[in-house]
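The block underneath contains the structure these notes are about, expressed in structure tokens.
The values are calculated or read from the model by the stated rules, or taken from the named source; none is laboratory data. In this text the structure is predicted, and so the values were computed from the model without any measurement. With ideal geometry, Cβ positions are generated from the backbone for all residues, glycine too; neighbour counts draw on all protein chains shown.
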């Protein structure tokens, strides 16, 4: 035990340094935003940022676990589109259908994620290939189901997106609770530690007899489940599901994970960095909106952030 502890301290220090950098950038952006617009520093704008970041946080949480194993889930955008369209399409404005459809959507997301994991295990190919193919299949299915906005949701369904609990957006509270639970799971549960072990050294984990298959089914199933949560939230926010709702979430869900310090090669990182990364990306978009910058340039900015984050952390890993 004593031989392992010294080796762990530098790793934790490096992880904490990455989190501190993101936190410093958040503070700098808040100060910058306060200077460019009086409306930026209002409470309503801060609450708006929290609301807008909820969908991204949900998808990025699941994406964090897949990347920790050294994999990635490129099917998230298409899965969100499918589940969101099904949510409003099947509810069709009927309050009595909300609960069964919500449960069904979450189960379907979980099953699609498990299917990704099974294909990765059986085919023995990189998750990028499997999930990219799955994403194409799912996008085709949703377009067969509907080419435009489908169905409707009953009054009150938007409480998840716009409701308040003690003045705080309900979605923001859900996010904090979920991230806390997953963080505790990764830190203290045996399966959580296995996730890091598989990502850090898959061959070594296999030789040690660690349950790689169970790890992969867990993380990809959870990623699909998070897509279900995000789909329900986005349907609540926009009051309807449509076949391109999740279009931008594939890249967007990866960005906070990498910015938050989780290595694309796996084995290093965590959910706290991802949560700060989500708020950083949302804050950047909010500042750019106040500067009247087009959403097209915001996508360009996200892409550049991904490239910068990968290059920084890859270089950091080389120096380790």
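Given the options 246, 241, name the one that is more than 18 Å from residue 63 (Cβ to Cβ) and either touching a residue at least 40 places away in the same chain (Cβ under 8 Å) or surrounded by 16 or more Cβ atoms within 10 Å (Cβ to Cβ) (or both).
241
Restricting attention to the stretch 290-311, does a residue exist that is more than 23 Å from residue 82 (Cα to Cα), touching a residue at least 60 places away in the same chain (Cβ under 8 Å) and surrounded by fewer than 20 Cβ atoms within 10 Å (Cβ to Cβ)?
yes
Kindly indicate which of 218, 235, 131 is in contact with a strand residue (DSSP E or B) (Cβ under 6 Å, 6 or more places away or on another chain) and surrounded by 16 or more Cβ atoms within 10 Å (Cβ to Cβ).
Just one listed residue meets the conditions, 235.
What do you reckon, is residue 271 surrounded by 22 or more Cβ atoms within 10 Å (Cβ to Cβ), under 21 Å from residue 30 (Cβ atoms), in contact with a helix residue (DSSP H, G or I) (Cβ under 7 Å, 6 or more places away or on another chain) and modelled with pLDDT of 85 or more?
The answer is no for residue 271.
Pick out the one residue from 206, 190 that is touching a helix residue (DSSP H, G or I) at 6+ places or on another chain (Cβ under 8 Å), within 24 Å of residue 262 (Cα to Cα) and surrounded by fewer than 14 Cβ atoms within 10 Å (Cβ to Cβ).
Result of the check over 206, 190: 206.
When the stretch 166-187 is examined, which residues are found to be more than 20 Å from residue 261 (Cβ to Cβ), within 18 Å of the chain's Cα centre (by Cα) and in contact (Cβ under 8 Å) with a residue 24 or more places away in the chain?
171, 172, 174
Condition (residue is within 22 Å of residue 52 (Cβ to Cβ) and in a loop (DSSP other than H, G, I, E, B)) applied to the stretch 164-171: is it met by at least one residue?
Taking every residue of the stretch 164-171 in turn, at least one turns out to be within 22 Å of residue 52 (Cβ to Cβ) and in a loop (DSSP other than H, G, I, E, B).
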